[in-house]
Amino acid sequence: MAGRSQDRSLREELTCAICCELFSEPVMLDCMHHFCKGCIQGYWDSCARIPSCPQCRREFPSRAFRTHYLLAGLVEKVRLCGSAQHQQKMQKHLEDALQARQKEMENFLQRKRVVQEEICGLTKVSGELNFKIRAEFARLHQILEEEERAVLAELGKKEEQSLARLHGHVGQLEEGMAVLQRDIEHVEQTLGKMEEVSLLEVESLDIRPSVRVETQPALDLQHYRDSHSGPLQYIFWRQMLRSICPAPAPLTFDPESAHPNLIFSRDLTAVTERNRAQPVPSSPRRFRQCVKLCPENGYWTLRLRNRTEYWATATPWVRLTPHHPLQKVGVFLDCEEGTVAFFNAGDMSHLFTFHQVSAERYCPFFSTCFSDGRDNMEPMRLCHLAL
């Protein structure tokens with residue numbers, strides 16, 4: 001393996017050329033070769049001649065060398081790595097590293113499975129939404145196509161009736177023109193032979209019109225155009241609204257269940273809180289105390305807190321972050337699906353949807369909370385969608 005080959009090469013680099021062992025107190029000669037301190041001293045002692053390098057044979061004027069501390073430290077590390085204790089320590093380190101990597105791998109596999117399940121879920125939900133959206137738009141297309149066919153059929157019928165009347169008038173005029181043409185030719189013939197025609201014959205000619213065609217009223221094209229144009233988009237928009245199922249319910253506030261401090265408009269579509277309670281009839285349905293708003297108690301609501309915080313009172317509460325402060329809120333209850341969805345009625349952006357909503361009877365619930373003195377005196381209003 002590459003690791004053992006590198007270790008072997010490093011040990012060779014750190015081996016003394018005299019004793020063939022790892023350096024012991026390594027020193028460096030002026031020729032840059034390294035030896036053990038004891039080995040080079042013994043080599044020089046055994047030589048009666050001038051000191052020289054055992055490797056390159058370079059001679060030196062004296063027995064001078066420099067201790068190589070960095071190399072000594074490296075040799076000690078290599079020697080330590082070769083010890084049994086170090087091998088055990090390295091093995092334990094590698095085993096721990098392997099175990100950590102295996103746990104990390106298992107974690108990654110688990111997370112991958114979760115993401116793959118999310119991919120499957122997303123694909124399934126997207127498919128269901130795709131089918132639902134296509135069905136909704138198919139219904140809208142059907143309504144528009146039916147309206148288009150009806151309007152075009154009516155236009156074609158009116159055009160056919162008008163054309164039939166006009167063509168009939170043209171036919172009458174052509175018949176009258178043919179009669180007049182015959183009379184003109186007869187009169188011209190008579191004028192051409194005045195010398196041969198008797199005075200009695202001329203006087204017998206009837207110079208009055210020989211045919212009468214009733215004058216028809218002129219076709220008012222502008223009226224015809226105006227009666228079949230108009231605000232078509234608005235007209236069909238209102239007709240499409242009538243086809244919405246379920247149709248938006250025109251709600252009104254219920255004075256019987258309202259808190260005594262609330263004042264309603266005459267049409268029961270606006271409510272304002274007052275500081276003092278009003279005299280109201282006693283009713284077991286009347287709200288007099290604060291209620292705990294949570295799905296477990298049958299309340300699926302949105303709340304505004306601290307003037308800027310919007311919350312869905314799920315369990316636990318969910319903080320909402322609409323793009324703009326809410327002025328109108330739309331509520332859609334789907335009893336078949338068991339959901340209550342809230343929307344920003346200004347741009348129809350989704351706010352929150354409660355699921356697993358079920359009850360024998362559903363009642364809209366509203367709370368003015370507190371009007372904060374004069375800072376929140378604007379009434380709460382129920383907005384009806386005019387169809």
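Brief remarks follow.
- Nonlocal amide H pairs with Ile18, under 5 Å, H built at 1.01 Å: Cys36
- Relative contact order computed over region 2-82 (Cα-Cα under 8 Å; 6+ residues apart), in percent: 28 percent
- Two-decimal Rg/Rh across region 2-82, once Rg and the Kirkwood Rh are taken from alpha-carbon atoms: 1.02
- Distances between placed amide hydrogens fall under 5 Å for His68 paired with Val27, Met28, all partners being 5 or more residues away or on another chain.
- For region 68-80, 3J(HN,Hα) per residue [Karplus equation, 6.51 cos²θ - 1.76 cosθ + 1.60, θ = phi - 60°, Hz, x = Gly/Pro]: 9, 5, 5, 5, 4, x, 5, 4, 5, 5, 5, 5, 5
- Computed on the Cα atoms alone, the convex hull of region 36-94 gives a volume of 109 cubic angstrom per residue.
- Label point of Leu382 set 7 angstrom out along Cα-Cβ; within region 250-292, amide nitrogens under 15 Å from it belong to 250-259, 263-272.
- Scalar couplings 3J(HN,Hα) for region 357-369, obtained by applying the Karplus form with A = 6.51, B = -1.76, C = 1.60 to θ = phi - 60°, are 8, 8, 6, 6, 8, 10, 10, x, 10, 10, 9, 7, 6 Hz; x denotes Gly and Pro.
- Note on the chain: with a GNM built from Cα contacts shorter than 10 Å, the maximum mean-square fluctuation among Glu146, Glu154, Glu336 falls on Glu336.
- Isotropically averaged projected area of the chain, using the convex hull of Cα atoms (one quarter of hull area), nm²: 60.2 nm²
- Each Cα pair under 8 Å and six or more residues apart adds its separation to the average, and for the chain the resulting relative contact order is 8 percent.
- For Val329, residues with placed amide H under 5 Å, excluding near neighbours: Ala345
- Take every Cα pair under 8 Å whose residues are at least 6 apart in sequence, average their separation, divide by the length of region 249-387, and the relative contact order is 21 percent.
- The ellipsoid equivalent to the alpha-carbon distribution of region 248-387 has semi-axes of 24, 19, 17 angstrom, derived from the gyration tensor eigenvalues as √(5λ) and listed largest first.
- By the helix-only formula, in which each DSSP H run with n ≥ 4 contributes -39500 (n - 2.57) and the sum is divided by residues, the chain has a 222 nm mean residue ellipticity of -15000 deg cm²/dmol.
- Each residue of region 122-130 is assigned a 3J(HN,Hα), and the resulting list reads 5, 4, 5, 5, 4, x, 5, 5, 4 Hz, derived from the Karplus form 6.51 cos²θ - 1.76 cosθ + 1.60 (θ = phi - 60°), x at Gly and Pro.
Bear in mind that the values in this text are calculations on the coordinates, not laboratory data. Everything quoted here is computed from the prediction, not taken from an experiment. Don't worry about glycine lacking a Cβ; one is built from the backbone with ideal geometry, like all the others, and counts go over all protein chains shown.
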